[in-house]
Amino acid sequence: MLPKHWVGGADSEGRKRDHLATTLEKPLGSGHYRIKEFVPGRSIALERVKDYWGRDLNVSIGRKIIR
């Protein structure tokens with residue numbers, strides 16, 4: 001699920017997003033990792049989000065989250 005303001009907003013080049021069109025724009029996320037770089041069809045590199053908002057939640061206890 002994506003928030004309405006993101007879907008109805010503009011992409012990095014200022015064009016209105018078409019949520020039905022194929023895109024290579026990095027997706028919106030809120031997890032432990034974000035996309036650092038990618039080569040379509042070949043590879044993807046992730047990086048850890050240092051200030052991840054949910055690292056201290058009870059559900060995260062026991063996970064290997066570097067602080």
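The values are calculated or read from the model by the stated rules, or taken from the named source; none is laboratory data. Quantities reported herein were computed from a predicted structural model and do not represent experimental measurements. What goes into the accessible areas is simple: the full protein's heavy atoms, side chains included, and nothing from ligands, DNA or RNA. Shrake-Rupley method; radii C 1.70, N 1.55, O 1.52, S 1.80 Å.
By how many nm would the segment from F38 to N58 lengthen if fully extended, with 0.36 nm per residue of separation less the alpha-carbon distance?
This chain segment gains 4.0 nm when fully extended.
Taking one equal scatterer on every alpha-carbon of the chain, how large is log10 of I(q)/I(0) by Debye at q = 0.14, 0.27 1/Å?
At q = 0.14, 0.27 Å⁻¹ the computed log10 ratios are -0.60, -1.19.
How many percent of the accessible area of the chain is carbon or sulfur, using a 1.4 Å probe?
Result for the chain: 55 percent of the exposed heavy-atom area is carbon or sulfur.
Only helical DSSP H runs with n ≥ 4 go in: add -39500 (n - 2.57) per run for the chain, normalise by residue count and round the 222 nm mean residue ellipticity to 500 deg cm²/dmol.
Helices in the chain give a 222 nm mean residue ellipticity of -1000 deg cm²/dmol.
How high is the relative contact order of the chain, given as a whole-number percent (alpha carbon pairs under 8 Å, six or more residues apart)?
Relative contact order for the chain comes out at 18 percent.
So what is the accessible area of the chain per residue, in Å², with the probe set to 1.4 Å?
Per residue, the chain has 93 Å² of solvent-accessible surface.
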